[in-house]
Amino acid sequence: MPQRIVVVDDDKEVQEIITFALRRNGFEVAVAGNGQQLQDMLATQTPDLVILDVMMPGLDGYQIFGNLRKNAATQSVPVIIMTAHAEDIYERISIDLGAAVHITKPFHPLELVDKVRGLLRSLTDE
């Protein structure tokens, strides 16, 4: 059974690029354009991993991440946080909050696939 990843980003182009790269590499992908859409998805199924953009209208990625950690069903789901902010402070915030990986946009889609694979592999090895 393929591992299920939810991509949360309000940018349709970013959604499409990430989805294409992950599906080509055997992952099942669902997309949410904001925190509410993610919450609706989580009501029916828990993903193996969440890829979460920081800058979105409404709740930002850090607020959504906090909600994931407060929910018993998702508190241990690994999260990759991505942002266009290149300043080091954003990586520090992501890691301090407990994100598994922080990635800065723009990035190569295959770099993200490698990070996803490595992260999920490390979890199954534990």
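Here, each number is a calculation from the coordinates, and none is a lab measurement. Model, not experiment: these values are computed from the prediction. No Cβ is skipped: glycine too gets one built from the backbone with ideal geometry, and neighbour counts run over all protein chains shown.
Please list 3J(HN,Hα) in residue order for segment 111-121, calculated via the Karplus relation 6.51 cos²θ - 1.76 cosθ + 1.60 where θ = phi - 60°; whole Hz, with x for glycine and proline.
After applying 6.51 cos²θ - 1.76 cosθ + 1.60, I find 5, 5, 4, 4, 5, 4, 4, x, 5, 5, 5 Hz.
Taking amide hydrogens as modeled 1.01 Å from N in the peptide plane, which residues meet the under 5 Å criterion relative to Val7, leaving out close sequence neighbours?
Ala30, Val31, Ala32, Ile51
Taking the Cα centre of the chain as origin, sum charge times position over the Cβ atoms of Lys and Arg (+1) and Asp and Glu (-1), and report the length of that vector in debye to the nearest 20.
Charge dipole, the chain, about its Cα centre: 320 debye, nearest 20.
In whole Hz and in residue order, list the ³J(HN,Hα) couplings for segment 78-83 that follow from phi through the Karplus curve 6.51 cos²θ - 1.76 cosθ + 1.60, θ = phi - 60°; x for Gly and Pro.
Per residue, the Karplus-derived 3J(HN,Hα) values read x, 10, 9, 9, 10, 8 Hz.
Restricting to DSSP H runs of at least four residues, report the calculated mean residue ellipticity at 222 nm for the chain, -39500 (n - 2.57) per run over all residues, nearest 500 deg cm²/dmol.
One gets -14000 deg cm²/dmol as the mean residue ellipticity at 222 nm.
Straight-line reach only, C-alpha to C-alpha below 27 angstrom: list the lysines that Lys12 could link to, leaving out same-chain residues fewer than 8 apart.
Partners found: Lys105, Lys115.
Comparing Ala21, Ala86, Ala32, which has the greatest mean-square fluctuation in the GNM of the chain with Cα pairs linked when under 10 Å apart?
Fluctuation is largest for Ala86.
Give me Asp11, Asp40 sorted ascending by neighbouring Cβ count inside 10 Å, so fewest comes first.
Ordered from fewest to most neighbouring Cβ atoms within 10 Å, Asp11, Asp40 come out as Asp40, Asp11.
Can you sort Met82, Met55, Met1 by how many other beta carbons sit within 10 Å, fewest first?
Exposure proxy ranking, most exposed first: Met1, Met55, Met82.
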